[in-house]
Amino acid sequence: MLRESSRSSCQDRLRHVEHVFGLRRSGHHAVLSWLKERYSQKGLVVLHSNSVCNAHLGCELHDPDPDPKQLRREAKQGDILIANYEDLSYKNRGVSSVYQRFWSEKGVQNRDIVVVRDWYNIAASRVAYIAAARAIGRHTLVAALPWASVADTWADHARILADRQEGVVAVNYNRWFTDQKYTGDLADCFGVPRGGEHFSSVPAFGSGSSFDGLKNDGNARSMNVLRRWENLDEELLPEYMNVINESYAAVDGLNRQLFGFGRDEVLGFVESGEAENVL
């Protein structure tokens, strides 16, 4: 569903499309909400289409992907469209008919954005979210992708960040959350006003945080988003440890390169009960 940030018009004024790629529970909704806020500060109308490509998950639970032509008709109401691709590897972006539709249109600028959070926090958040859904008998798209595919998608996005791939704006979520200078530099990259570095709202997409829901909305920076394994219920720790052990070969070197720590540190702190000392 498209959400309009301010005024609307029957004239077609769409000038720019931001294609945002991120794993579910990666914090990308917070980044794009910050970006929407910055664009609105420029007086631009920003529309957001959430989760535009789920068909690749191969399950019957996915929300129908939007019709590209209908989305284009709706998008004319705004200056900027933010299209969000969840659990879709950037290398496989061509499977999305929405992506193809906008990149093939003349006169509309397109930009690709990949948001990367460290693997060990993503894994903790997904384990917690899946367990919460399971406890109430609710299906969730977070569980639709096998863990091996989740790790492969994360590694694809992480390599883009590590290699500074040309033509893609890669956002280090951990730095965006903690480093005001980094966030300000991103604002410059996007051509939006600086400010809003102390981002405080919790996006409602996906029921908010896997651990805190929406209770910290207005004070997001108080959340323990960089040490989520500390917040896992004890009965979920074996599942979490199994996930990070099985994904070790695919992700650990990249995680250590980009975020400064790896599986051994996380396992050691989890097992010793001293996780608060990492990061």
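The values are calculated or read from the model by the stated rules, or taken from the named source; none is laboratory data. What you see is a predicted model, and the numbers here were worked out from it, not measured in a lab. Using ideal geometry, Cβ is built from the backbone for each residue, glycine included, and neighbour counts are taken over all protein chains shown. Only protein heavy atoms, including side chains, enter the accessible area calculation; ligands, DNA and RNA are left aside. Shrake-Rupley method; radii C 1.70, N 1.55, O 1.52, S 1.80 Å.
Could you rank D188, D252, D152 by how accessible they are, 1.4 Å probe, largest area first?
D188, D152, D252
Using a 7 Å offset from the Cα along the Cα-to-Cβ direction at both R111 and T140, what is the distance between the two label points in nm, to one decimal?
3.2
Find how many whole Å separate the alpha carbon centroid of the range 245-267 from the alpha carbon centroid of the range 79-117.
The range 79-117 and the range 245-267 have Cα centres spaced 28 Å from each other.
Which three semi-axes in whole Å describe the equivalent ellipsoid of the range 142-198, each the square root of 5 times a Cα gyration tensor eigenvalue, listed largest first?
Those come to 27, 14, 9 Å.
Only four residue types carry charge here, +1 at the Cβ of Lys and Arg and -1 at the Cβ of Asp and Glu. Report the dipole size of the range 14-165 about the Cα centre in Debye, rounded to the nearest 20. Please report the intermediate quantities before stating the final value.
On the way: 21 positive and 16 negative charges, 67 e Å.
Taking the Cα centre of the range 14-165 as origin, the dipole is about 320 debye.
For the range 1-155, what size does the Cα cloud have along each of its three principal axes, sorted from largest down, in whole Å?
46, 30, 29
Does the range 33-112 come out rounded, prolate or oblate by the C-alpha gyration tensor, with a ≥ b ≥ c the root eigenvalues, rounded set by a/c under 1.5 and, if not, prolate when a/b is larger than b/c and oblate if not?
Here the range 33-112 falls in the prolate category.
Around V171, which amide H atoms from residues at least 5 apart in sequence, or from another chain, sit under 5 Å from its own amide H, with H modelled in the peptide plane?
Under 5 Å from the amide H of V171 lie the amide H atoms of V114, V115, V116, each far enough along the sequence or on another chain.
Rounded to whole Hz and in sequence order, give me ³J(HN,Hα) for the range 166-182 from the Karplus expression 6.51 cos²θ - 1.76 cosθ + 1.60, θ = phi - 60°, writing x for Gly and Pro.
5, x, 10, 8, 9, 10, 7, 4, 4, 6, 4, 6, 10, 10, 4, 5, 4
Which number comes out as Rg/Rh for the range 70-121 once both Rg and the Kirkwood Rh are worked out on C-alpha atoms?
1.02
Using the Karplus equation 6.51 cos²θ - 1.76 cosθ + 1.60 (θ = phi - 60°), what ³J(HN,Hα) coupling, rounded to whole Hz, does each residue of the range 127-134 give in order, writing x for Gly and Pro?
So the Karplus estimates, Gly and Pro as x, are 4, 5, 5, 5, 5, 5, 5, 4 Hz.
With no solvent and one point on each alpha carbon, what is the Debye value of log10 I(q)/I(0) for the range 81-185 at q = 0.15 Å⁻¹?
For the range 81-185, the Cα-only Debye profile gives -0.78.
Cα-Cα over 24 Å: which of K42/K69; K106/K181; K42/K76; K42/K91; K36/K76?
Details: K42/K69 28 Å; K106/K181 35 Å; K42/K76 18 Å; K42/K91 32 Å; K36/K76 17 Å.
Violating the 24 Å Cα-Cα cut-off are K42/K69; K106/K181; K42/K91.
For H16, what residues show an amide H to amide H distance below 5 Å, using hydrogens built from the backbone and excluding near sequence neighbours?
L81, Q109
Starting from the coordinates of the alpha-carbon atoms of the range 98-142, obtain the Kirkwood hydrodynamic radius over all distinct pairs and give the value in Å to one decimal.
13.7
Might you work out the accessible area of R24 for me, using a 1.4 Å probe with all protein chains in place, and round it to the nearest 10 Å²?
20
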